[in-house]
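The values are calculated or read from the model by the stated rules, or taken from the named source; none is laboratory data. Owing to the predicted nature of the structure, the values given are computational and were not obtained by experimental measurement. Every residue, glycine as well, gets a Cβ built from its backbone with ideal geometry; the counts of neighbours run over all protein chains shown. Keep in mind that these areas ignore ligands, DNA and RNA; they rest on the heavy atoms of the full protein, side chains included. Shrake-Rupley method; radii C 1.70, N 1.55, O 1.52, S 1.80 Å.
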Amino acid sequence: MERLDKFLCDSGVGTRSQVKAILKSGRVAVDGKTEKDSTRKIDPKTNAVTLDGEVLGGYRRIVVMMNKPAGFVTATEDKSERTVMELLPEEMRHLDLKPVGRLDKATEGLLLFTNDGDLLHRLISPRKEVSKVYYAKHEGTAEEADVSAFAEGITLRDGTRCLPAKLEPLGPGESLITVCEGKYHQVRRMMASRNMTVLYLERREEGPLTLGDLPRGQLRELSEAEIRSLES
């Protein structure tokens with residue numbers, strides 16, 4: 001059993017305040033009878049809930065991919081900085097979406113959001129070894145010794161030990177870096193440990209997903225097949 005207002009929010013009807021107004025307007029019915037009480041308990045398996053005559057489905061697992069622009073911190077809220085939650089369209093802001101891992105304020109690229117806690121923890125757990133590929137512009141040029149150091153596992157300047165990673169030099173001042181964990185500012189700190197200060201950083205891939213042609217600052221909802229690929 002769950003409250004009617006929560007069921008409506010989970011169905012994507014609106015925020016709590018919007019749902020309250022919708023209920024007061026008499027647009028919601030339970031088993032064919034108008035219901036205005038937001039605290040009404042229902043059983044989604046047995047009670048038919050409709051909005052303007054259309055049946056609602058309740059909770060739906062959602063995973064969204066965003067091409068994050070610079071200038072936003074990855075957090076659900078922040079007292080002094082703009083957050084990636086501000087980039088979500090209004091109709092998604094009440095769906096309990098949370099960022100999967102973090103991209104720092106200056107880093108751009110692929111960032112996932114989901115309302116599935118189990119999937120979120122799977123994707124950020126180092127034990128699952130979900131790969132993340134970054135494109136970096138940096139000072140200096142990556143040499144073979146740097147590639148070997150990444151493959152062995154970088155030890156950061158504060159003594160933090162990173163898991164083995166892949167460094168692919170693309171030419172002077174450009175590299176691809178693949179990691180399977182998400183320590184604080186990890187890619188920037190790994191590169192700095194090899195005297196290559198990162199000037200620009202973009203995440204291009206996570207697990208089986210790639211940014212593709214998704215424009216900067218835009219997002220799209222993943223298909224069920226794409227979500228299942230993240231679980232395999």
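Within the listed set SER38, SER131, SER17, the residue fluctuating most in the Gaussian network model of the chain (springs between alpha-carbon atoms under 10 angstrom) is SER17.
For TYR200, the residues whose amide H sits under 5 Å from its own are LYS137, ignoring neighbours fewer than 5 places away on the same chain, with H placed 1.01 Å from N. Computing Rg and the Kirkwood Rh from the Cα coordinates of the chain gives a ratio, Rg/Rh, of 1.10. For region 164-181, the Karplus equation 6.51 cos²θ - 1.76 cosθ + 1.60, evaluated at θ = phi - 60°, returns couplings of x, 9, 10, 10, 10, x, 9, x, x, x, 9, 8, 10, 10, 10, 10, 10, 8 Hz by residue, with Gly and Pro reported as x.
Sparse packing (at most 13 other Cβ atoms within 10 Å of the Cβ) combined with a DSSP loop state is found for the following trypsin sites (Lys or Arg not before Pro) in region 1-81: LYS45, ARG60, ARG61, LYS79.
Normalised by the number of residues in the chain, what is the relative contact order in percent for Cα pairs under 8 Å and 6+ residues apart? The partial results should precede the final answer.
Working: 440 pairs, mean separation 45.2, N = 232.
RCO, the chain: 19 percent.
For ASN67, the shell of other residues with beta-carbons less than 13 Å away shows a net charge of 0, using +1 for Lys and Arg and -1 for Asp and Glu. A cut-off of 5 Å between modelled amide H atoms, ignoring neighbours fewer than 5 places along the same chain, links LEU170 with SER175, LEU176. Within the accessible surface of region 89-166, defined with a 1.4 Å probe on protein heavy atoms only, the carbon and sulfur portion equals 48 percent.
Kirkwood hydrodynamic radius for region 124-218: how many Å is it when counted over pairs of different Cα atoms? Before the final figure, lay out the partial values.
Numbers: mean 1/r = 0.0736 Å⁻¹.
Taking every pair of different Cα atoms in region 124-218, averaging 1/r and inverting gives 13.6 Å.
In this structure region 33-190 gives 53 Å² per residue of accessible area when probed at 1.4 Å with all protein chains present.
Quick one: if the Förster radius is 41 Å, what FRET efficiency do LYS33 and GLU90 give, using the C-beta to C-beta distance and rounding to 0.05? Before the final figure, lay out each step's value.
On the way: r = 30 Å, r/R0 = 0.73.
Using R0 = 41 Å, I get an efficiency of 0.85.
Mean-square fluctuations from a GNM of the chain, with a 10 angstrom spring cutoff on Cα atoms, peak among ASN115, ASN47, ASN195 at ASN47.
Using a 1.4 angstrom probe on the protein heavy atoms only, line up THR46, THR197, THR83, THR15 by accessible area, largest first. List each step's numbers first, then the result.
Working: THR46 100, THR197 70, THR83 10, THR15 35 Å².
So the residues, ranked largest to smallest area, are THR46, THR197, THR15, THR83.
Near ALA21, within a Cβ-to-Cβ distance under 13 Å, what is the net charge of the other residues, with Lys and Arg +1 and Asp and Glu -1? Charge balance near ALA21 sits at +4. Select from LEU119, LEU51, LEU167 the residue whose mean-square fluctuation is largest in a Gaussian network model of the chain (Cα-Cα springs shorter than 10 Å). Comparing LEU119, LEU51, LEU167 in a Gaussian network model of the chain, the most mobile one is LEU51.
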